[in-house]
Amino acid sequence: MTQSNINYEPATCAYCGGRGDVDANQCRACGGQGSVLVAQPARECVQCQGRGRKSAYRCNFCQGTGWARALKPGTR
Ligand SMILES: [Zn+2]
Ligand SMILES: [Zn+2]
């Protein structure tokens with residue numbers, strides 16, 4: 001078995017909670033879409049426990065998506 005064919009599924013963006021905006025600004029984690037493509041099987045970011053942020057700051061390990069191995073918006 002190889003893992004060459006990675007399947008991506010949309011998942012709720014943790015940083016904006018799926019709304020697409022944060023404090024009336026477009027969410028930078030998902031580009032305002034409210035969801036991000038995550039490589040399956042989806043795994044929460046271990047750095048922020050899936051919250052997308054550490055205290056007041058966007059988690060730079062998952063870019064705020066809350067997911068490990070998430071694609072950034074616009075890269076597909
Ligand atoms: Zn978002
Ligand atoms: Zn994170």
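Rule-based calculations on the coordinates, nothing more; no lab input. Bear in mind that the values here come from a model prediction, so they are computed numbers and not experimental data. Cβ coordinates were reconstructed from backbone atoms using ideal geometry, including for glycine residues, and neighbour counts include every protein chain displayed.
Annotation: amide H of R53 within the under-5 Å range of C59, sequence separation 5 or more or interchain, hydrogens built in the peptide plane. In order along the range 14-29, the Karplus-derived 3J(HN,Hα) couplings, from 6.51 cos²θ - 1.76 cosθ + 1.60 at θ = phi - 60°, round to 6, 5, 10, x, x, 7, x, 9, 10, 6, 6, 10, 4, 5, 7, 6 Hz, and Gly and Pro are given as x.
One decimal place: the segment A68-R28 gains 12.8 nm when fully extended, by the rule 0.36 nm per residue minus the C-alpha distance. Build a GNM of the chain with springs between Cα atoms under 10 Å apart, and of A39, A14, A24 the one that fluctuates most is A24.
If R₀ is 30 angstrom, what is the calculated FRET efficiency for the pair Y57 and E9, using the beta carbon separation as r and rounding to 0.05? If you can, show how the numbers build up before the last one.
On the way: r = 27 Å, r/R0 = 0.90.
Taking R0 as 30 Å, the efficiency between Y57 and E9 is 0.65.
Amide H contacts of V38 (H built 1.01 Å from N, in plane; Pro and chain starts excluded): E9, A11, L71 sit under 5 Å, all sequence-distant by 5 or more or on other chains. For the chain, the percent of C-alpha pairs falling in each 10 Å distance bin, counted from 0 to the bin holding the largest distance, reads 24, 53, 19, 4, 0. Among C30, A14, G52, which residue has its Cα positioned farthest towards the positive end of the charge dipole of the chain, with +1 placed on the Cβ of Lys and Arg, -1 on the Cβ of Asp and Glu, and the dipole taken about the Cα centre? Result: G52, furthest along the dipole toward the positive end.
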